[in-house]
Amino acid sequence: MGQDLLLGIDIGTYESKGVLATPQGEVIAQAAIPHKLLFPHAGWAEHDPELTWWGDFCTLSKSLLSTDGVSPQDVKGVAVSAIGPDVLPIDENFKPLRMGILYGIDTRAVVEIDELNAKHGEDVIFNETANSLSSQSTGPKILWLKKNEPEIYKKARWFVDATTFIVARLTSRVVVDHFSAGAMVPMYDPWKREWNPKYTKGILEVNQLPEILWSHEIAGHITESASKETGLAVGTPVTTGTIDAGAEALSVGVIEPGEMMMMYGSTIFMIQVTDNDQARDKRLWANPYLFPGTWCLLAGMATSGALTRWFRDNFAKELITAEENGGENSYSVLVKEAEATPAGAEGVIVLPYFSGERTPIMDPRARGMIFGLSLTHTRGHLFRSVLEGMGHGVKQHVDLFTAIGARPRRIKSVGGGTKNAVWLQAVSDISGVPQEVAPLTFGASYGDALLAGVAVGLVSGPEEILVWQGQSKIIEPDKKLAATYAPLSEIYSSLYQSTKEQMHKLHEMDY
C-alpha cells in the first residue's frame, strides 16, 4: 500500500542533507554527505557543480529512496535548496562550463563592483534595487567572467545559481524564485518582481537569466534522464525551490512580520520578515520573501562555522586525530575549553573578517584579526574569542535593525552552530536578545519538504511548519554580563575603522 511522502534536499557549503517527510512533518528518513569547498586562489570560493551539487542530490535521493518500505512512487513532491547567490555558466544542455562561483565568501569581483558603482552611481543602484553592491552580488561576478574568462562567457546559454542548476537537471526548465532573484543584484527589480534591462545591459542578455516564479510553485516534473540518475519516478512534481537560507528560515517557522531567522552555518545569515516593502538600509539587503506579498531584510557575515572549522583544523590537529581514533568530538573539546574561560575571553577580541565581510560593513577587502593577546592567554581564550567575535558582529546587526525601526521581536536560531551552547549563549549575552531554538534541527531540507507539500497541495500552507516543529527552547541573555561585553563591543567596532586602511593595503598587495 502506497504512502504520501515529500522529498527535501539542501546543498550546503560543506555538507548536503536530505529528508523524506510525511505531510504531517514526520521525518521517516534522513541522510547527509560532506563535501569540499574549493579555494583555488586567495579570495575565491568555488564548488564542483557536477560532483557536489548534482552528484550530492543524486546520491541523497537514491539513499533516501532505499529506505525500507519506500518506493519512488511514494514521493509526491520534490523541493531543492542550495547555497546562493552563486554564478554558474551552463550550456543549452544544462552542463556546467566551469566551477561554480559561490556567494559572498568569494570576493573576486571587487574591481567590477567599483566599475558598476561608477557607471550607475551607488545611490541610484540602492534606490532602484533596494541593495548596495557587495561580494554577495551576482552581477559583478558575471561581469568578472566576461572580462577574465571570455571563452567560457561566450559559450554560456544561462547564468544560474545552484538551486536553478539542479532543478534544470531534474525538469529541463530553467527557473529561479523571487527570493533568490532578489539576491542577484543589481539585475532584479524587487518591486516590479522582474529582471531590469537597465542593469543587465553590459553584463549579459536578459534571456540568459532564469524565468522567475515563487518558491512553492511547481517548476516542472522529473524527466526520464533525471529519473535514471536520481531514482525518482518520471513525472514527479518539482518545486522552484530557493536559496538555503530561505528554506532554513521556513524550517523554524519564520513566517510573520517581526520574526527573524539566524542561521548558524558556514556563515551567519539573518532574515527578518516585514510587511513593509520600503524597509531597507545600505548596510543590509532587502528583497521579496518566499511567498507573494512578503518582504524581508537580510544580513550575512562572511564567516562563522567556516571560521570555527579553520580554528580547529589549524590549532587543534591533535584533537582531530584523537577523534578519528575513537576519542571525543574535537569541537566538543574546544567548546569545553572555551566554557572554562571567563566571558569576554579576558580581553581577546576577534574580527571574523577572514573572507572579507558582508553586512554591515560591505567590505570584501576587510581582513580577520585576533587582538589583545598576551602570554597568559590559552587556546580556550582564543576559541571563546572566535565565538564572541561573531556575537559582537550579531550585536552590530541587531543595533542596526533597531535603528531603522525593525528590531526583531523574535529570533529563531537554526543550523549546526546551535549545538554549541557556549556560542548560542554568547550571542544572546552580547546582543541582549533571546533566541528560540526549534526542537527539530533537520535544517533547510525540512523547509524544502514543506515547500514540496504546499506545492502539491498535501500541506495547507507555510504556517503548518509551526505544527511540525512544536515547542522551542529559549536562550535568555545573562543581563549581568552586559557590563563585561559592552566595552568589548565598542572596541570590536572601532578596530575595523582603525585598521581599514591597512587592510586595504594588504589586499592591494595581493596577500
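One line per residue, one yes/no per condition, for (1) under 21 Å from P190 (Cα atoms); (2) crowded, with 23+ Cβ neighbours inside 10 Å; (3) modelled with pLDDT of 95 or more:
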| residue | (1), (2), (3) |
| --- | --- |
| N131 | yes, yes, no |
| T138 | yes, yes, yes |
| L145 | no, yes, yes |
| E149 | no, no, yes |
| V160 | yes, yes, yes |
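Looking at region 322-359, which of its residues are modelled with pLDDT under 95 and either of a type outside the set (D, E) or out of contact with any Ser or Thr (no Cβ under 9 Å at 6 or more places or on another chain) (or both)? Within region 322-359, F354, S355, G356, R358, T359 meet the criteria. Of the listed requirements (1) at pLDDT below 95; (2) outside any loop (DSSP other than H, G, I, E, B), K154 misses just one: (1).
Mind listing just one residue for me: the one in region 65-114 that is out of contact with any Lys or Arg (no Cβ under 9 Å at 6 or more places or on another chain) and charged (D, E, K, R) and, of those, nearest to P186 (Cα to Cα)? Out of the qualifying residues, it is D114.
Results for (1) among the hydroxyl-bearing types (S, T, Y); (2) out of contact with any Asp or Glu (no Cβ under 9 Å at 6 or more places or on another chain); (3) free of Cβ contacts under 8 Å to residues at least 12 places away in the same chain, shown as yes or no for each residue.
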residue: L88; (1), (2), (3): no, no, no
residue: N93; (1), (2), (3): no, yes, yes
residue: R98; (1), (2), (3): no, no, no
residue: I105; (1), (2), (3): no, yes, no
residue: V124; (1), (2), (3): no, yes, yes
residue: L133; (1), (2), (3): no, no, no
residue: I142; (1), (2), (3): no, no, no
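Among the residues here, N314 qualifies as modelled with pLDDT of 95 or more and not basic (K, R).
From the list A421, A452, the lone residue that is in contact (Cβ under 8 Å) with a residue 40 or more places away in the chain, in contact with a strand residue (DSSP E or B) (Cβ under 7 Å, 6 or more places away or on another chain) and of a type outside the set (D, E) is A452. So, restricting to strands (runs of 3 or more DSSP E) that lie completely within region 9-101, which ones have at least 2 residues that are crowded, with 18+ Cβ neighbours inside 10 Å and either more than 24 Å from the chain's Cα centre (by Cα) or not assigned by TED's automatic domain parsing to the domain that holds A247 (or both)? By residue number, 75-82.
The values are calculated or read from the model by the stated rules, or taken from the named source; none is laboratory data. These numbers come from a predicted model, not from an experiment. Ideal geometry is used to build each Cβ from the backbone, glycine not excepted, and the neighbour counts take in all protein chains shown.
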